[in-house]
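Student: Take a look at the following structure, please.
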Amino acid sequence: MSTFCSVHTHSRLCDGEDALAEMARAAFAAGAVSFGASGHSHTPIPEDEGGVLPADMTAYRAEVLRLREEYAGRMDVLLGVELDNCADVTAEDFDYWIGSAHRLKGPDGGLYTVDWDAERLAACQAEAFHGDAYAMAERYYAEVLRMAERKPTILGHIDLIAKFNEDGGFFDEEDPRYRAAALEALHAADPAETLLEINTGAMFRGYRSVPYPALFLLREWRAMGGSVILTADAHSAGAIVHGYAQAAELARAAGFAHSVLLTLSGREERPLDI
């Protein structure tokens with residue numbers, strides 16, 4: 001019995017490399033119980049155009065539902081969306097939604113994206129926070145907290161601000177100030193409603209050697225009674241279940257014995273024996 005799904009995915013309909021049909025085909029070939037399309041939601045930010053779904057998601061919905069029919073009886077295909085903290089659309093009438101904070105608003109009122117590249121993150125730190133990386137992290141986690149309070153199906157890459165910090169170049173992730181902000185955001189999530197993802201996307205793209213989130217966050221989530229889901233945040237067919245064994249290892253290190261799969265019938269808990 002398969003013990004994994006792939007429900008954090010991005011196709012050419014937003015900022016992915018491959019067609020949605022190719023992504024579904026890769027998930028099926030890998031043995032996934034279910035495949036979920038989770039295109040980036042539209043935002044009113046001009047620089048996002050071309051990398052997010054249109055505000056009218058009719059065509060997107062139709063393609064996902066067409067794939068659902070194509071794979072009926074073989075693999076569940078779910079209609080999802082990754083709702084950004086700056087989105088101008090809702091997650092109404094989707095099978096599930098991923099709530100993610102990709103941006104923070106600086107004290108200067110400017111919007112700063114935390115996961116584009118290290119240079120832009122450094123510019124945000126310097127320009128908006130006068131070099132104070134912990135103030136920057138606190139502002140980011142305030143956005144995560146607001147998203148967590150909305151009870152998404154999945155809380156996406158909760159510590160995305162650490163994408164370029166594996167060497168500790170921006171902040172010390174053991175610093176009490178950093179951890180207090182991250183834990184406050186985590187505590188805003190409802191373990192009965194929301195799954196915390198263990199996300200391997202930055203590993204596939206060469207930015208990290210370990211998945212999100214940090215072990216201290218996973219251990220706290222377990223203590224809160226929460227459950228986890230393994231995701232690849234795949235932007236190409238080749239990444240569809242990348243790093244799942246390492247994600248499962250991280251989950252076990254935090255004390256989890258199971259992960260959750262999303263299916264058309266609902267949530268299913270399966271052993272972490274990948």
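The values are calculated or read from the model by the stated rules, or taken from the named source; none is laboratory data. All values reported here derive from a predicted model rather than from experimental measurement. Here the Cβ is made from the backbone with ideal geometry for all residues, glycine too, and neighbour counts use every protein chain on show. Accessible surface areas use protein heavy atoms only, side chains included; no ligands, DNA or RNA. Shrake-Rupley method; radii C 1.70, N 1.55, O 1.52, S 1.80 Å.
Student: Please go through region 137-164 and give me each residue that is part of a helix (DSSP H, G or I) and charged (D, E, K, R), ordered by number.
Tutor: Glu138, Arg139, Glu143, Arg146
Student: If you don't mind, there's one more thing I want to ask. What number of residues within region 15-31 satisfy the criterion of being open to solvent by less than 10 Å² (accessible area, probe 1.4 Å) and either closer than 20 Å to Ile198 by Cβ or within 15 Å of the chain's Cα centre (by Cα) (or both)?
Tutor: Residues flagged as open to solvent by less than 10 Å² (accessible area, probe 1.4 Å) and either closer than 20 Å to Ile198 by Cβ or within 15 Å of the chain's Cα centre (by Cα) (or both) within region 15-31 amount to 2.
Student: Quick check on my filter: what residues within region 127-136 are open to solvent by 20 Å² or more (accessible area, probe 1.4 Å) and either closer than 11 Å to Tyr112 by Cβ or touching a His at 6+ places or on another chain (Cβ under 7 Å) (or both)?
Tutor: Passing the criteria: only Glu127.
Student: Determine the pairs where a residue that is more than 14 Å from Leu104 (Cα to Cα), located within region 121-132, has a partner that is open to solvent by less than 50 Å² (accessible area, probe 1.4 Å) with Cβ atoms under 9 Å apart, the partner being 6 or more residues away or on another chain.
Tutor: Gly131/Gln125; Asp132/Gln125
Student: Shifting gears a bit: Would you tally the residues in region 165-221 being within 14 Å of Ile154 (Cα to Cα) and outside any helix (DSSP H, G or I)?
Tutor: Selection size over region 165-221: 14.
Student: Further question on the same structure: On the basis of being more than 27 Å from Gly51 (Cα to Cα), open to solvent by less than 10 Å² (accessible area, probe 1.4 Å) and out of contact with any strand residue (DSSP E or B) (no Cβ under 6 Å at 6 or more places or on another chain), does Leu186 make the cut?
Tutor: yes
Student: So which residues in region 222-254 are in a helix (DSSP H, G or I), within 22 Å of Phe28 (Cβ to Cβ) and small (Gly, Ala, Ser), if there are any at all?
Tutor: Ala237, Gly238, Ala239, Ala245, Ala247, Ala248
Student: Still on this model: Please go through region 137-166 and give me each residue that is open to solvent by 10 Å² or more (accessible area, probe 1.4 Å) and within 17 Å of Leu215 (Cβ to Cβ), ordered by number.
Tutor: Lys163, Glu166
Student: I would also like to ask the following. Report, by residue number, each residue of region 56-87 that is in contact (Cβ under 8 Å) with a residue 24 or more places away in the chain, assigned to a loop (DSSP other than H, G, I, E, B) and under 17 Å from Gly266 (Cα atoms).
Tutor: Arg74, Met75
Student: Is there any pair with a first residue in region 18-39 that is free of Cβ contacts under 8 Å to residues at least 12 places away in the same chain and a second that is open to solvent by 10 Å² or more (accessible area, probe 1.4 Å) and not acidic (Asp, Glu) whose Cβ atoms are under 7 Å apart and which are 6 or more apart or on different chains, and what are they?
Tutor: Ala19/Arg12
Student: Can you run down the residue pairs with Cβ atoms below 7 Å, 6 or more apart or on separate chains, where the first is in region 201-226 and on the phi > 0 side of the Ramachandran plot and the partner is in a loop (DSSP other than H, G, I, E, B)?
Tutor: Gly225/Pro191
Student: Within region 34-43, is even one residue open to solvent by 10 Å² or more (accessible area, probe 1.4 Å), under 30 Å from Leu111 (Cβ atoms) and within 20 Å of the chain's Cα centre (by Cα)?
Tutor: Yes, region 34-43 has at least one match.
Student: Limited to region 14-43, what total is found for residues that are assigned to a loop (DSSP other than H, G, I, E, B) and closer than 12 Å to Ser236 by Cα?
Tutor: Counting residues in region 14-43 that are assigned to a loop (DSSP other than H, G, I, E, B) and closer than 12 Å to Ser236 by Cα gives 6.
Student: Residues in region 88-109: is at least one of a type in the set (A, V, I, L, M, F, W, C), surrounded by fewer than 22 Cβ atoms within 10 Å (Cβ to Cβ) and not in a loop (DSSP other than H, G, I, E, B)?
Tutor: no
Student: Tell me which residues, restricted to region 241-253, are buried (at least 20 other Cβ atoms within 10 Å of the Cβ) and among the aliphatic types (A, V, I, L, M).
Tutor: Those that are buried (at least 20 other Cβ atoms within 10 Å of the Cβ) and among the aliphatic types (A, V, I, L, M): Val241, Ala247, Ala248, Leu250, Ala251.
Student: Still on this structure, I have one more. Is at least one residue of region 228-240 of a type in the set (S, T, N, Q) and crowded, with 23+ Cβ neighbours inside 10 Å?
Tutor: Looking for residues that are of a type in the set (S, T, N, Q) and crowded, with 23+ Cβ neighbours inside 10 Å, one finds at least one in region 228-240, hence yes.
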